[in-house]
Amino acid sequence: MKYRQLGKTDLNVSVIGVGTWQFGGEWGKAFTPEEVKGLLGRAGELGLNLIDTAECYGDHLSEALIGQAIEGERDRWIIATKFGHKFPGPFERIDQWSPQEVQQQLEDSLRALRTETIDLYQFHSGSDQVFDQEALWSMLQRQIQAGKIRYLGLSVSSRIDPLYQIQRAAEVGVSAIQIIYNRLERSPEEKIFPVCQEQNLGVLARVPLASGLLSGKYQPGTAFTQPDDVRSRQDQADIQTKLKQVQEIQQNEAPPDVPLAAWALAWCLQHPAVSAVIPGCKTIEQVELNASAADL
Ligand SMILES: NC(=O)c1ccc[n+]([C@@H]2O[C@H](COP(=O)([O-])OP(=O)(O)OC[C@H]3O[C@@H](n4cnc5c(N)ncnc54)[C@H](OP(=O)(O)O)[C@@H]3O)[C@@H](O)[C@H]2O)c1
């Protein structure tokens, strides 16, 4: 495995992390504690040390499965989680952005993760209006002083132009950002990554496999119909367009002797602004293949 320093923090993250939205049950599969333990155990053996989760991947469910799986080995992991929502049920989110509500979420996350401190606590896809609450950031600074958080992060929403929040990131005490970046979605290269490099903000590239479309196993014509898979709720015409692009990339750009998923992750890591990729993983085989991207 290879490691990179996350921006100005002293967190030395593996370039391949583990995305765990999947553990919350919105990706067509429910996970048992044993499965999560096996998956993270293998990730640890391969040198991965970064886990990305959130308050609303299930009602702190993904966090609870992680907390249970890594209990006793907490020190070898860098845990990034998020704040801003309540999870009432699958595919629903209730905004909760007041400092009091976020403080409660922090306590719930610490309990679920069975830890005393969160390494990276990320603002989870909020509007500029909720971002602009001085009282929220000062409450979070107090939690850093109390030892409950090590660093603050900013996971920007894909529904708004993220530039405003990223330009203000260092000012509110944020050390790293998380953004969609993959071979099909390169827009951060233009304005976002230069700001991150200028401010020395760490960058976690999320959705690096374009929700699995860049894994190479889905051909044009594939329909996502399983109702408990988030992809069945996405724009199906857009998915078809992307699958055609992937087919072209596979034919003209990716080397034929490398699995496309590994190539796609290595592709993201070529950009000097990117600290790590956090592919969502559902099986040990996926973890192993994703880990192999570090050597490409
Ligand atoms: N707002 C936010 O902060 C936000 C939003 C989205 C995601 N995230 C974070 O970013 C992480 C990654 O994004 P994502 O999970 O949405 O998308 P992704 O990483 O692009 O795709 C994940 C999916 O790709 C497939 N896959 C993964 N590795 C594979 C392999 N080696 N071979 C074949 N298929 C493979 C799996 O699905 P199948 O096997 O079913 O195809 C998996 O569920 C999330 O888990 C979450 O931690 C954060």
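The values are calculated or read from the model by the stated rules, or taken from the named source; none is laboratory data. Model, not experiment: these values are computed from the prediction. FYI the Cβ positions are ideal-geometry reconstructions off the backbone, even for glycines, and counts take in every protein chain you see.
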Q) If you go through region 164-182 one residue at a time, how many are surrounded by 21 or more Cβ atoms within 10 Å (Cβ to Cβ) and either touching a Lys or Arg at 6+ places or on another chain (Cβ under 8 Å) or outside any strand (DSSP E or B) (or both)? A) 7
(Q) If a residue must be crowded, with 22+ Cβ neighbours inside 10 Å, more than 10 Å from the ligand (Cβ to nearest atom) and under 30 Å from Gln100 (Cβ atoms), how many such residues does region 41-63 contain? (A) 5
Q. Can you name the number of the only condition in (1) without any contact (Cβ under 8 Å) to a residue 60 or more places away in the chain; (2) of a type outside the set (Gly, Ala, Ser); (3) under 21 Å from Val15 (Cβ atoms); (4) near the ligand (Cβ under 10 Å from one of its atoms) that Arg186 fails?
A. (4)
Q. Using beta carbons and a limit of 8 Å, which pairs, at least six apart or on different chains, have the first residue in region 253-281 and under 27 Å from Phe31 (Cβ atoms) and the second one basic (Lys, Arg) and more than 14 Å from the ligand (Cβ to nearest atom)?
A. Ser275/Arg4; Ala276/Arg4
Q.
Restricting to region 195-211, name every residue that is more than 14 Å from the ligand (Cβ to nearest atom) and touching a residue at least 24 places away in the same chain (Cβ under 8 Å).
A. Val195, Cys196, Gln197, Gln199, Asn200, Leu201, Gly202
**Q.** Where Gln129 falls short, out of the listed (1) of a type in the set (S, T, N, Q); (2) over 14 Å from Ser155 (Cβ atoms); (3) within 15 Å of the ligand (Cβ to nearest atom)
**A.** (3)
Q.
If a residue must be within 17 Å of Leu204 (Cα to Cα) and free of Cβ contacts under 8 Å to residues at least 12 places away in the same chain, how many such residues does region 155-183 contain?
A. 0
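Going by what's in this entry, would Ala146 be described as exposed (fewer than 14 other Cβ atoms within 10 Å of the Cβ) and more than 12 Å from the ligand (Cβ to nearest atom)?
Values: exposed (fewer than 14 other Cβ atoms within 10 Å of the Cβ): yes; more than 12 Å from the ligand (Cβ to nearest atom): yes.
Here the answer is yes, as Ala146 does meet what is asked.
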Q. Based on what the data block shows, is Glu101 more than 17 Å from Ala170 (Cα to Cα), crowded, with 16+ Cβ neighbours inside 10 Å and modelled with pLDDT of 95 or more?
A. yes
Q: Six or more apart or on different chains, Cβ under 9 Å: which pairs go from a residue in region 121-143 that's free of Cβ contacts under 8 Å to residues at least 40 places away in the same chain to one that's within 12 Å of the ligand (Cβ to nearest atom) and part of a helix (DSSP H, G or I)? Could you list them?
A: none
